[in-house]
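The values are calculated or read from the model by the stated rules, or taken from the named source; none is laboratory data. This one's a predicted model, so the numbers in the text were calculated from it and none came from an experiment. Positions of Cβ are backbone-derived with ideal geometry, glycine not excepted, and every protein chain shown enters the neighbour counts.
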Amino acid sequence: MDTGHLADIGSLNQTWQPIAQAGITEPPVFAFSHQFLARQSESVLYTVGTVQDLAIKYLTSKGDVELRPWWSNYGCMFTEHLMIKLHYEWFKSTQVKAAQWEAQLRADVASYYASEESASTSDDAVDTKETTSSSLSEKESYLAILMLSLRQIIASNVPTIHEDYRNATIFQKEISSDGKINTVDVIYPALPFYHYANPNMLRHLLEPVFEYQENGFYDSYGKFAMHDIGRWYPHAIGYDSNAKEDEPMPVEECGNMIIMAYAYYKAACNVNYLEQHYRILRQRVEYLVEYSLYPEHQTTTGKRSTPYSKQQSPLTHRNQTTSTTRWPTRPT
């Protein structure tokens, strides 16, 4: 790129300089220009992104397979060029849909606070006044938290084509801590969002967790639920059962899986889902019946660095709260 040409002439000279050329040590630079002429108001859309052609390495009953991203499906965008083309063609309609979704969330939050206020007495009514620490009311702050939460949840998910080439699976990278994949106690706090937005997303997220264990890859600890299905994203290949490199949280993860499976069933009215995973869910229930009151040596989300016996998880400890963000109920 000749920056002098842009400064002198006002346009780019469409040149290309190979990165390997002698003397170039900096990362590549791309330049784009748009001529606004004398118009008083105009906008131009530029998009920066990355493409993962092979998204996830996944251990199945047939061995390790490379899963492709969902957008590369024949029924979706298929090629990078078509994806880019459709991105610009769909941009405005997508903006409209996003605005409609946000408006619905705002309406649901307002409805939630209205019902809370009408049900409360004057002594314990919900306080929606401004506080000294923020210029936002409680309702506005709550909405802001939900908006930030949904962006973080969606951004951590990677939809892929299942190995059967018919169904979707979603893989979630554990962020702000390490690179584990589909961590059960990370999916669980996001349960209210999936229940509110689209319960099928929860099913696609849990499918690899169920599938891995139902294929017998967690036999040494088969009586309780896994913590995650891989130590380093994007390698969803589990753990060597002899190495014991995983991070078992038996009571917590068993409870999480049971609650999430039941939540999906209730939201989708899909009894076949429970029938499909009945055997492994029954094992989790049996484990909780035996160990939830007096847990074995293990960690929990709240005390992950200090494993010891009799440690109760946030699910069983009455005085310990979880980090789950409360979402309003969407009208059906």
Quiz item: Checking Ser220 against (1) modelled with pLDDT under 90; (2) touching a helix residue (DSSP H, G or I) at 6+ places or on another chain (Cβ under 9 Å); (3) of a type outside the set (D, E, K, R), which test does it fail?
Solution: (2)
Quiz item: All but one of (1) in a helix (DSSP H, G or I); (2) touching a strand residue (DSSP E or B) at 6+ places or on another chain (Cβ under 9 Å) hold for Glu163; which doesn't?
Solution: (1)
Quiz item: Applying the selection to the stretch 1-51, what residues are aromatic (Phe, Trp, Tyr) and either at pLDDT 70 or above or surrounded by 10 or more Cβ atoms within 10 Å (Cβ to Cβ) (or both)?
Solution: Phe30, Phe32, Phe36, Tyr46
Practice problem: Read through the list (1) part of a loop (DSSP other than H, G, I, E, B); (2) among the polar types (S, T, N, Q); (3) within 15 Å of Trp70 (Cα to Cα), then give the number of the only condition that Ser176 fails. | Solution: (3)
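Met260 - would you say it is buried (at least 19 other Cβ atoms within 10 Å of the Cβ), within 30 Å of Ala107 (Cβ to Cβ), among the aliphatic types (A, V, I, L, M) and modelled with pLDDT of 70 or more?
For Met260, the condition - buried (at least 19 other Cβ atoms within 10 Å of the Cβ), within 30 Å of Ala107 (Cβ to Cβ), among the aliphatic types (A, V, I, L, M) and modelled with pLDDT of 70 or more - is met.
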Exercise. For the stretch 66-80, state whether one or more residues are at pLDDT 85 or above, over 22 Å from the mean Cα position of the chain (by Cα) and within 27 Å of His204 (Cα to Cα).
Key: yes
Quiz item: Does Gly63 meet the test of being within 33 Å of the chain's Cα centre (by Cα) and at pLDDT 85 or above?
Solution: yes
Practice problem: For the stretch 269-300, name all the residues that are of a type in the set (D, E, K, R) and surrounded by 17 or more Cβ atoms within 10 Å (Cβ to Cβ). | Solution: Arg284
Self-check item: Checking Leu54 against (1) modelled with pLDDT of 70 or more; (2) in a helix (DSSP H, G or I); (3) surrounded by 10 or more Cβ atoms within 10 Å (Cβ to Cβ), the condition it does not meet
Solution: (2)
